[in-house]
Amino acid sequence: MFALSLPGHAQLRPLEPYHAEEFAAHLDRARAHIAPWVGESFVATGLDGARGVLQRYADDQAADRRRLFGIWLDGVLVGGTMFVSFDAVSGVCELGCWLEPAAEGRGLITPVTRMMIDWAFRERGLSRAEWRTLPDNARSVAVAKRLGMSLDGTLRQVLPGREGPRRDVQIWSVLASEWPHDDGRSADKDELDRLAAAFLGAFDNTGGRRPDLERLREVFMPEARIIKNLGARPVVQDLDAFIEPRRRMLTDGTLTDFSEWEVAERTEIHGNVAHRFSHYRKAGRLDGEAFEGAGHKTTQFVRTADGWRISSMAWDDEA
């Protein structure tokens with residue numbers, strides 16, 4: 001059995017029928033969160049249902065049709081990725097993923113799916129990889145964009161609604177002819193993706209989760225500067241000044257059910273320096289009132305003896 005190390009003490013491993021008990025427990029934790037986005041047959045109930053899902057994927061893998069992988073974080077199954085379909089004859093595959101809330105914002109999905117696409121193109125000779133998602137699944141759309149996929153189109157009202165109207169599905173894809181050759185930059189890009197996800201995930205207190213702002217000290221250089229653009233009078237802070245007021249807001253009831261995520265990004269790497277320009281969205285409850293917002297962020301990175309770190313960041317919320 002292989003195990004691939006992922007950021008933050010996580011591992012990717014094949015998810016097989018003998019994991020049925022772990023998978024059933026995981027689905028009990030994740031069901032309400034992932035049910036709006038994944039197929040109904042996947043979110044099985046009970047041990048027998050979980051074993052049935054895993055056995056179907058095992059049978060299909062033996063026939064070279066589908067594959068299923070689990071992501072373990074600190075030894076606990078928290079999600080996974082899959083080839084939803086894999087057709088070596090037609091040269092087309094479809095990828096998918098899922099995570100329970102505790103594993104989101106840790107930069108786990110993009111490097112795994114990039115590796116899967118790379119394997120499908122380079123090792124198996126496929127020509128096209130697809131990613132299908134509901135248009136309002138912002139996290140899933142963001143993954144497709146980070147993978148360099150193009151939006152082919154939208155299938156209108158192709159899925160039955162769950163106690164509501166029928167739903168559209170977006171189809172994203174990337175072709176083997178568009179897939180970059182590895183010149184050493186892909187590992188750097190994975191690391192920069194992980195840092196960006198770790199930054200956003202540190203503030204997440206949805207579902208009663210406790211934010212982990214101390215993670216930011218592993219993301220930024222100690223000398224980093226963080227700037228909020230207020231027009232004529234930008235606020236420039238060091239790491240301590242940035243962390244402390246946000247820790248209070250996120251733990252004293254002022255800001256609850258808060259999360260922030262990228263919806264688009266452009267990253268440029270030049271030797272030992274890099275820059276990322278991103279568009280983000282956020283949502284939560286401020287003093288009990290629900291709110292949503294968006295903005296743009298510019299982030300500078302430098303390569304250090306301990307790996308890539310953020311040297312400075314500035315952002316501007318949309319009015």
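The values are calculated or read from the model by the stated rules, or taken from the named source; none is laboratory data. Predicted, not measured: the structure shown is a model, and the values here were computed from it. Heads up, the Cβs are rebuilt from the backbone with ideal geometry, glycines too, and the neighbour counts pull from every protein chain shown. Just so you know, the surface numbers come from the protein's heavy atoms only, side chains and all, with ligands and any DNA or RNA stripped out. Shrake-Rupley method; radii C 1.70, N 1.55, O 1.52, S 1.80 Å.
How would I227, I71 line up by accessible area, probe 1.4 Å, largest first?
I227, I71
Once the whole set of protein chains is in place, how much accessible area is left on D204, using a 1.4 Å probe, in Å² to the nearest 10?
Per-residue accessible area (D204): approximately 10 Å².
At a 1.4 Å probe radius, which order do W179, W119 fall into by accessible area, largest first?
Of W179, W119, the descending order of accessible area is W119, W179.
With charges set only on the Cβ (+1 for Lys and Arg, -1 for Asp and Glu), what does the dipole of the chain come to about its Cα centre, in debye to the nearest 20?
Charge dipole of the chain: 280 debye, to the nearest 20.
Can you find, among H296, G271, I310, the residue farthest towards the positive end of the dipole of region 256-319? Put +1 on the C-beta of Lys and Arg, -1 on that of Asp and Glu.
Positive-end residue among those listed: G271.
Tell me, how many Å apart are the Cα centres for region 98-135 and for region 37-56?
Centre-to-centre (Cα) distance: 20 Å.
Can you give me the accessible area per residue for region 1-129, using a 1.4 Å probe, in Å²?
44
Once R0 is set to 51 Å, what does the formula 1/(1 + (r/R0)^6) return for the Cβ-Cβ distance between R210 and V158, expressed as a FRET efficiency to the nearest 0.05? Write down the numbers at each step before the final one.
Values: r = 39 Å, r/R0 = 0.77.
Efficiency for this residue pair is about 0.85.
Mind listing which trypsin sites (Lys or Arg not before Pro) in region 94-191 are in a DSSP loop and have 15 or fewer other Cβ atoms within 10 Å? It would help to have the intermediate numbers written out before the result.
On the way: sites: R106, R114, R122, R124, R128, R132, R139, K145, R146, R156, R162, R166, R167, R185, K189; in loops: R106, R124, R162, R166.
Qualifying residues, ordered by number: R124, R162, R166.
For the charge dipole of the chain, defined by +1 on Lys and Arg C-beta atoms and -1 on Asp and Glu C-beta atoms about the Cα centroid, which residue among W261, A241, F220 has the Cα displaced farthest towards the positive pole?
Farthest towards the positive pole: W261.
Could you list which residues have their amide H under 5 Å from that of F258, counting only those 5 or more apart in sequence or on another chain, with H placed in the peptide plane?
Amide H to amide H, under 5 Å and 5 or more residues apart or across chains, F258 pairs with N205, T206, R285.
Ranked by accessible surface with a 1.4 Å probe, highest first, in what order do R248, R233 come?
The ordering from most to least exposed comes out as R233, R248.
Please calculate the 1.4 Å probe accessible area of H296, with all protein chains present, and give it to the nearest 10 Å².
Rounded to the nearest 10, that gives 70 Å².
Between L47 and R233, take the C-beta separation as r, use R0 = 45 Å, and let me know the FRET efficiency to the nearest 0.05.
The value I calculate is 0.15.
Quote the accessible area belonging to E123 in square angstrom, nearest 10, computed with a 1.4 Å probe and with ligands, DNA and RNA left uncounted.
Ignoring ligands and nucleic acids, E123 comes out at about 130 Å².
Given the options L239, L195, L27, which has the most mean-square fluctuation in a GNM of the chain, springs set between C-alpha atoms less than 10 angstrom apart?
L239
Choose one answer from I109, I117, I269: the residue with the largest mean-square fluctuation in a GNM of the chain with alpha-carbon springs under 10 Å.
Greatest mean-square fluctuation among the candidates belongs to I269.
Dipole magnitude of region 141-298 about its Cα centre, charges +1 at Lys/Arg Cβ and -1 at Asp/Glu Cβ only, in debye to the nearest 20?
With only Lys, Arg, Asp and Glu charged at Cβ, the dipole is about 440 debye.
Taking the chain as a Gaussian network, where each spring joins two C-alpha atoms under 10 Å apart, which residue of V169, V219, V112 fluctuates the most?
V169
How much length, in nm to one decimal, is gained on full extension between A187 and V92, taken as 0.36 nm per residue of separation minus their Cα-Cα distance?
31.7 nm
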